[in-house]
Amino acid sequence: MKTQMNVAIDGPAGAGKSTVAKLLADKLKFIYIDTGAMYRALTWKAVKEDMDVNNQQDLNALLDKTDIQLINRSGNLRIILDEEDVTEKIRGSDVTNNVSYVAKHSLIRQKMVLKQQKLAEQGGTVMDGRDIGTAVLPYAELKVFLTATVDERAKRRHEEQLEKGLPSNFNQLRDEIAKRDKLDSERDIAPLKKAEDALEIDSTSMSIQEVVDHIYELVVERDGSVE
Ligand code: DC
């Protein structure tokens, strides 16, 4: 039986969804589900096997023989692909630049969506992605559409990379983010789109903590069991 609500967080790449969703889930003692990581895991395997990311049939066959698990280990979400921990590996640019092609296929999306719906069956989740409020959890009790300008999102990624001591080029990041926005919002199946009943939060001039606190208050208003 479902006892707690589900929170859906959608929005474009780099808007801070995963950081916000993770912190919010910790605060609520809910489970965080990173749906982008599922598409990334499949993409990582496809790239490793040198497959054509535009070939839906081959990718679908690959997905059928792939096991993807999201496991919470001492407060950290780990992505396990066929028993291998790929949590860090799926963040590389080879995956980032190919994942939108993998995620546009209807057969792939159908299977991923079913998996995601199953994970949220019991409630008590914060799920982030692109189509959570519109397709995966259309009945989620709270839907948030988190945005920020392309420049702001590129600036955040740029600073993140520099902090990690990694090379970074702001203009290149901005172009990549704009390209992913276009691919994600113009695809035929479940494009990135705000659900009609989602609440839009523009985080351009807000801190992560402000966004988390704001959504937390909305959950408290709607779910009597959370204080
Ligand atoms: O959130 P992310 O950057 O890790 O997502 C990776 C890609 O997966 C992104 O380009 C869009 C796609 N995606 C999707 O189509 N549907 C989701 N629910 C989550 C991600």
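The values are calculated or read from the model by the stated rules, or taken from the named source; none is laboratory data. Keep in mind the model is a prediction, meaning the values are calculated, not measured. For neighbour counting, all protein chains shown are included, and Cβ atoms are generated from backbone atoms with ideal geometry for every residue, glycine included. Each accessible area value is taken on the protein alone, full model and side chains, heavy atoms only, with ligands, DNA and RNA left out. Shrake-Rupley method; radii C 1.70, N 1.55, O 1.52, S 1.80 Å.
Using a probe of 1.4 Å, the accessible surface attributed to E200 totals some 100 Å² when neighbouring protein chains are kept in position. Taking the charge dipole of region 112-227 about its Cα centre, with +1 at Lys and Arg Cβ atoms and -1 at Asp and Glu Cβ atoms, the residue from L114, V226, T134 reaching farthest to the positive side is L114. Taking every Cα-Cα distance in region 38-112 and sorting them into 5 Å bins from zero, the calculated P(r) comes out as 3, 17, 29, 25, 17, 6, 2, 0 percent.
Accessible area per residue for the chain in Å², computed with a 1.4 Å probe and the full protein assembly in place, what is it? Spell out each step's value before the answer.
Working: 11500 Å² over 227 residues.
Ligands and nucleic acids excluded, the result is 51 Å² per residue.
Measuring between their Cα centroids, region 158-183 and region 69-144 lie 22 Å from each other. Each 5 Å bin from zero holds the following percent of Cα-Cα pairs in region 86-206: 2, 10, 16, 20, 21, 17, 11, 4, 0.
Calculated from DSSP H runs of 4 or more alone, at -39500 (n - 2.57) each and per residue, what is the 222 nm mean residue ellipticity of the chain, nearest 500?
On the way: 9 runs with 103 residues, N = 227.
It lands at -14000 deg cm²/dmol.
Think of each Lys and Arg Cβ as +1 and each Asp and Glu Cβ as -1; about the Cα centre, that makes the dipole of the chain roughly 260 debye. Here the chain was treated as a single set of alpha-carbon atoms; its pair distances binned every 5 Å from 0 give 1, 7, 14, 19, 21, 18, 13, 6, 2, 0, 0 percent. For region 119-205, the set of chymotrypsin sites (Phe, Trp or Tyr not before Pro) satisfying both a DSSP loop assignment and a count of at most 15 other C-beta atoms within 10 Å is given as Y139. About its Cα centre, what dipole magnitude does region 98-227 give when the only charges are +1 on Lys and Arg Cβ and -1 on Asp and Glu Cβ, stated in debye to the nearest 20? Dipole of region 98-227, to the nearest 20 debye: 880 debye. Among the listed pairs K22/K118; K27/K179; K48/K104; K89/K179; K164/K193; K111/K143, a Cα-Cα separation exceeding 24 Å is found for K27/K179; K164/K193.
Taken about its Cα centre, region 15-123 carries a charge dipole of roughly 580 debye when the Cβ of each Lys and Arg holds +1 and the Cβ of each Asp and Glu holds -1.
Within the chain, the longest segment free of exposed loop sites, counting trypsin sites (Lys or Arg not before Pro) that fall outside DSSP classes H, G, I, E and B and have at most 14 other Cβ atoms within 10 Å, spans 66-163. Solvent-accessible area assigned to carbon and sulfur over the chain amounts to 48 percent, based on a 1.4 Å probe. Of the residues I79, Q4, N54, the one whose Cα sits farthest towards the positive end of the charge dipole of the chain is N54 (charges of +1 on Lys and Arg Cβ, -1 on Asp and Glu Cβ, taken about the Cα centre).
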